[in-house]
Amino acid sequence: METLHLRGCSPLDDGVKKAAAMLHDGGIVAIPTETVYGLAANAYDADAILRVFQAKGRPQDNPLIVHICDWDQLAPLVTEIPDDARRLADAFWPGPLTMVLPKSDLLPDCVSAGLDTVAVRMPSNPVARAVIRQSGCPLAAPSANLSGRPSPTAAQHVIDDLDGKIDGILMSGDCEVGVESTVILLAGGAKRLLRPGGVTREMLEAVIGPVDLDKAVLSAEITGGVSSPGMKYKHYSPATKVTLVSGSGDAYAEYVNACSDSCAAVCFQEDIPLLSCPTVVYGTGKDELTLAHGIFDALRRVDALGVQVAFVHAPSKTGVGLAVYNRLLRAAAFDVVER
Ligand code: TXA
Ligand code: MG
């Protein structure tokens, strides 16, 4: 099929109106958000949602996030809005926070893969908000990558993965945050962080008190039932084998420089003078926000080097670093070296 490439650099661009009309009419269209590009469909249209799963090659037991542009769109999607959800929405919506709440029967089951909860978020990207508003419906949208690949933070990443498989791509600039939204479970009295993201655990706890960290965030272990189904799949992987290496710049470089295979370093800017192999920089270790912004593009670029293994310098696990570390653990299939 032909995929329409539409311009969506500002909410006033004609492409925004066209994308919204396509979504209203049952189409599936990739749209920019502040985290990563999403592959959107009308959240009430089961046929369109099934096409999203097919285009991505996504397992059908992995539920989608529903995107809204104002508070009034939330009530019909859920059966209850806990006080903590109101507080978090006041503090962080619009923005990179997804809340998992009890699901209403108005939504088709395929949105949430048969679970009795639904994940909802209100993005802050003005183009995303304009598309949701003009389409007249909440939009179910997973990240707009082929399942298993690094999430798309640039329009070109979406083209590389999905051109010819979806109705349209609303092309905009690079995504500001660069890792997907924080996902917190708030159904059934829980306060559990399922996926770390741009809104950090520390920021959540400042508003609603202690938040549990789901086991799946830092291990391959999956807790039963309601924890985040997405965490069990191999994820974010370039074709190149990835190994995550923790340690100071010197310790990291010493390990990488001793490697006898053909290798590359996915590293911090400040590591470059220490390394003797090809490098892909993903930010500076002094600022986790730069690492979040750059990581998925770096994982895609490393394949062009044609090496056997990519050694990624691990970020700290604090602040947004936890989100980056969580994605890298999966990109590396949990192959971690501590130095
Ligand atoms: O930033 C983002 O969240 C991006 C943009 C496009 O908004 N979207 C995104 O969607 O990352 P996706 O489908 O790649 O990831 C959704 C995550 C998965 O880990 C999924 O398992 C989890 O949210 N999730 C969705 N619904 C859930 C539910 N009802 N219960 C638990 N986890 C859920
Ligand atoms: Mg995804």
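Please treat every number below as a calculation from the coordinates, not as lab data. Being a predicted model, the structure only gives us computed values, none of them experimental. For neighbour counting, all protein chains shown are included, and Cβ atoms are generated from backbone atoms with ideal geometry for every residue, glycine included.
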Task: Global geometry of the stretch 246-339, whether rounded, prolate or oblate, following the gyration tensor of its Cα atoms and the 1.5 cut on a/c - done: rounded
TODO: Divide by every residue of the chain the summed helix terms, -39500 (n - 2.57) for each DSSP H run of at least 4, and state the resulting mean residue ellipticity at 222 nm, rounded to the nearest 500 deg cm²/dmol.
DONE: -8000 deg cm²/dmol
TODO: Please report the base-10 log of the normalised intensity I(q)/I(0) for the stretch 144-222, using a Debye sum with one equal scatterer per alpha carbon and no solvent, at each q in 0.12, 0.20, 0.22, 0.25 (1/Å).
DONE: -0.50, -0.92, -0.98, -1.11
Open item on the list: Taking every DSSP beta bridge with both residues inside the chain, roughly what % is antiparallel (nearest 5)?
Closed with: 35
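How would you order 178-187, 146-155, 85-94 from highest to lowest mean count of nearby Cβ atoms within 10 Å?
Working: 178-187: 26.4, 146-155: 22.1, 85-94: 17.6.
In decreasing order of mean packing, 178-187, 146-155, 85-94 become 178-187, 146-155, 85-94.
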Open item on the list: Sequence gap at least 6, Cα distance under 8 Å: using those rules, report the relative contact order of the chain to the nearest whole percent.
Closed with: 19
TODO: Compute the Cα gyration tensor for the stretch 1-153, then decide on rounded, prolate or oblate, letting a ≥ b ≥ c be the square roots of its eigenvalues: rounded whenever a/c is under 1.5, prolate when a/b is larger than b/c in the other cases, and oblate in all that remain.
DONE: oblate
Task: Dipole magnitude of the stretch 52-129 about its Cα centre (Cβ charges: Lys, Arg +1; Asp, Glu -1), debye to nearest 20 - done: 380
Open item on the list: Considering only C-alpha atoms, what is the centroid distance from the stretch 97-112 to the stretch 188-224, in Å?
Closed with: 19
- [ ] Report, in degrees rounded to the nearest 10, the 0 to 90 angle that the Cα long axis of helix 83-92 makes with the longest principal axis of the chain.
- [x] 60
Open item on the list: Can you tell me the length gained on complete extension of the stretch ARG86 to LYS317, counting 0.36 nm per residue apart and subtracting the Cα distance?
Closed with: 80.4 nm
Task: the stretch 63-122 - Kirkwood radius from inverse mean 1/r over Cα pairs (Å) - done: 11.5
TODO: Note the per residue figure in Å³ for the convex hull of the C-alpha positions in the chain.
DONE: 120
- [ ] Could you size up the charge dipole of the stretch 128-201 around its Cα centre, putting +1 on the beta carbon of Lys and Arg and -1 on that of Asp and Glu, and report it in debye to the nearest 20?
- [x] 540
